[in-house]
Structure formats: structure tokens, C-alpha cells
């Protein structure tokens, strides 16, 4: 089945704990999604060099606070998730390094101040357009736009606009699709009206491993006969969306 | 025991009373002058004022005032000047085996400051100095032993005077090697008192402001800090003297710094008070015949200046030589 599972989990408590544990991956049709690597602040060097350079001074996190975004948090010890387990002690090596903790509450505002002020050069100055923090993926099973509505909140929130979003108008709504130009700031995640957001940002590296299955799922959905689509939307997706609607009551800060 | 300096606070600058150290008659013979100089007495307080103003400057960042953003390991002054701890700079360099312009521009102002003030960071800016002093007070209350220089490792190879310095350099070099092998700035990330203090400080403020915080950070850094305080209780200033590579690195600046402990001619009653009040076990009286003291362990806390039986007539801290 395509796009039927919740990317983020099922209830607010599970979601909260998933947010605490940045490497935890929910189960679903998109395997290991969200696992494997933290979303780094903009301009971060490749993971290994970044960990070597970063001295846990916290300047980026506090600069982010001063800029009123509060997106950057300091990573604690995390239990090694499957992709990291191969590398051994990823959760320990990531201790003390900055990452974007929860984009549902505090997305990156792309002010580009943290790379400017990083004292070690672990974050390198970068143009807003060339930032590659990660990529946002829409869960087609939860997105209003893919299930008979016209919402497009994500594209309105996106600071990159038409460069990132492709739209597929059709009988099932104005279906948004986020392409590879996404910088991963997570503003769409925050402004998605679905409870707990239908969008999840994953690292570019992680995206490489799930890209084929995600894109094939997208293509399958696009070429799906109407009756089959009708069944999926009404028997699975809409109940899921209704269920997630209850999560709107989740306290947003 | 009347030799031990109480805090100067309870001595009013203008009172004709003799210094509490001397009032009980231990030392009268050797010391001719008892006059108390205002500014000398205030040195230990001034030190605290400096530390608290730095803390307040760091607190201003949570009100989104861009004066001093970051923590003691590295910070951003006035939103334009990067400052980075010298040892952290070396460790980051060792771990990544490459150097960046940002790091260089960050370390140069810091190196400049400490070329002037030597290891004054430890005595005047390091938050642990204050916390350790609190622990010292508790220990003195509990044990009644006022000595700063309790030698926990007496007769061990760690405490053979000269050797302790070498061991310190060995530890610092070892940590750099570990960083290079692991590919992470090992000390600065996991062990550094500065990082852990910052993590506790920052995480608690963020927690209070309901901002994203990983609780494991708070727990780990809090316990690391507590174990340092425990170490201080049982082995006073062992951390500062031997183990802390940050201090050892700044100690190297003492060899070149403008600020020095200086001695005036004569007047020394050889009461040894200065050495007994010294946190850092500096052999002050061994240097009396020299114009200044260049010990890598001196943190310019000024306790010897205050504690000196001649009350500032002999030992002083200054940037320029006496005329």
C-alpha cells in the first residue's frame, strides 16, 4: 500500500518521544524514514568533519535563540538506531553537537546567522538557496492535498516557493510534491495543518536510501486507477487523517 | 592556627585593628608594617565582580541582547568578534586535521588577551574557580582544616613539585592525541568543565523557557560537574593544577604575559603566608630574588597579595615593572 502509514507515529506521546530521540524511525512503507543522522544547522560540513570540528560551544544554539528561532538544540546521548549501529557509537559521537530538534515547533528560519558566527568553521557560510540541511517528504496518505482537498499550506510557508514545489492538479486535489531542491528548513512541517504534520524532514543522506521507494510510491499514486484511489482514500487515508485531527489539540508552543 | 587568611571582607579598610592574621600574635616578630591598603583587600572581591559581570553578560543573551552570545568555551562578542578557547582550538584542529579562517580569527583575539593577562582566565573568568571556592568553604567547615594546599597525593609521583607540570603537559598532549585518533574534540566535548558548565547553565535556562533541550545533556553534564566538585572536596585544586588542559594551555601564556607577580626589595618576613594561601601551590618565596614570577600555575587570583604579611608592600600584581 502506498502512503497509508503515518510517518510520525500515532499518538502525541509517541510523537513526543520520537522527537526526543532524533534517530528513532517509525515503521511504515518508507523504511527507516527519519532514522540515521541528525538534521544539522545550515552550512554544516559533512557529518564526520562536522563532528571533528564542532567543539560543543553552543554558539549556534544561542545565536538561534537570539534570532528568535530557537530551532537548534544540543543533542544528547541517543540509543544507536539501526543505520548507526553499523558505525558503532554514533549516538555517543553525536553528543553535544547541534541539530534541529523538532521542526513542528521550531523550524529553521534560514536567517543564516549561525554559520556566520560558528567559531570553528564546523558550519560554513552558505547561501540560503544552497543550504542542504535535509529534504522534506510529504506523506501522501495524510496530506490534505493528496486526499481530495486544496490546502497548499506547505507551499505557502516555503521560503523557496516554486523552486521547491511541484503541483499536480487533479481530481484528488491540488497535489503538492516537494522536489530535490528542498533545503530542509522545515517551515512547511510547522505550518501543515494536519495534527502532528504530514511532512517530515530527513537528511539528504537518508533520502538517498529511501528516494527510490518514495518516488515509485509517488508515481504509482499518480497512475493509479480512480476506483483503487477512491478505495485507498476513503477506507484508509481519511480515517487516518480524522484520527490525526485529534492531535491538533497537542500543545503547540 | 592563626596563620590562615580569612576573607578580607570582615576587615573594614579604615579600621586601625591589625589584620586578623596577625592579631593573635603568631607573626609579629617578622612583619614590620600592618597598615591595610584598601585596594589590596578588595582584590578577591573584584575578582568575583568580574566573574559575576561576565555571567550577567552571558545571561543577557537569553533576553536576546547581543553582547556576549555563547558560553565559556567559545563565544561571540558584540555579534562580531569570535572568541574561542585556545585548547578547544587545538583540539578541533587535532580532530579534523584542518584549520579554518573562522577558527583562526576566533583564537587570535583570545591569544592576544592572554598574552597580556597570562593565566588570569582561570582566576577571573573560569566559573569553576568560584564553585571550587564554595566547595573549599564547605570542606573547611566540615574538617576545620583551613589549608589550601592539602596535598592529597603526597609522596606520589604526581606531587613531586616540578613533575606535576610535566604530567599536566602529558595529559594535555594525550588528550590531543585521543582527539586526533577518535576524530572528535574529546576533552572539549565530553570532559571540559567549561562545556559542562555551559550545558548545565544553558539547558536549565532553555528548560525554564520551554525551549528544546535534550535531558540527557543536562543529566550528563550535571553529573560531570558534580564529580568535579567532589574531586575538589577531596583533592583541592588537583583539577586546576594538573588535570585541566585548558588551564595548562593558558599557563603557557604566563611565560610571556605582561601581567606578572612582582616583588619589591626587602621587607619579606619569610612568614610563608603567601604560599600557604595560594590555591595553586606556587612556590612564591623561591622567586623572591627575581623581578617577577613566571610560574605556569599562577592564576593571578591575588590571594598572595592579600595574604602577604606586609600587606601589599612586597608582592604585587602589575603589568609594568616597579620603578
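Here, each number is a calculation from the coordinates, and none is a lab measurement. Just so it is clear, the structure is predicted and the values come from calculations on it, not from any experiment. No Cβ is skipped: glycine too gets one built from the backbone with ideal geometry, and neighbour counts run over all protein chains shown.
Remarks
- Sorted by Cβ density within 10 Å, fewest first, the residues A:222, B:134, A:103: B:134, A:222, A:103
- Exercise: per-residue mean of other protein chain Cβ atoms within 10 Å, B:216-229: 2
- Residue A:220/residue B:64 FRET efficiency (R0 60 Å; Cβ-Cβ; nearest 0.05): 0.80
- Spatially, region B:52-70 and region A:192-215 are offset by 38 Å when compared through their Cα centroids.
- A straight chain from residue B:182 to residue B:133 at 0.36 nm per residue would run longer than the Cα-Cα distance by 14.2 nm.
- Averaged over the residues of peptide B:192-199, the number of Cβ atoms from other protein chains lying within 10 Å of each residue's Cβ is 3.
- Efficiency of FRET between residue A:180 and residue B:270 - r from beta-carbon atoms, R0 56 angstrom, step 0.05: 0.10
- Counting Cβ atoms of other protein chains within 10 Å of each Cβ in B:109-122 and taking the mean gives 0.
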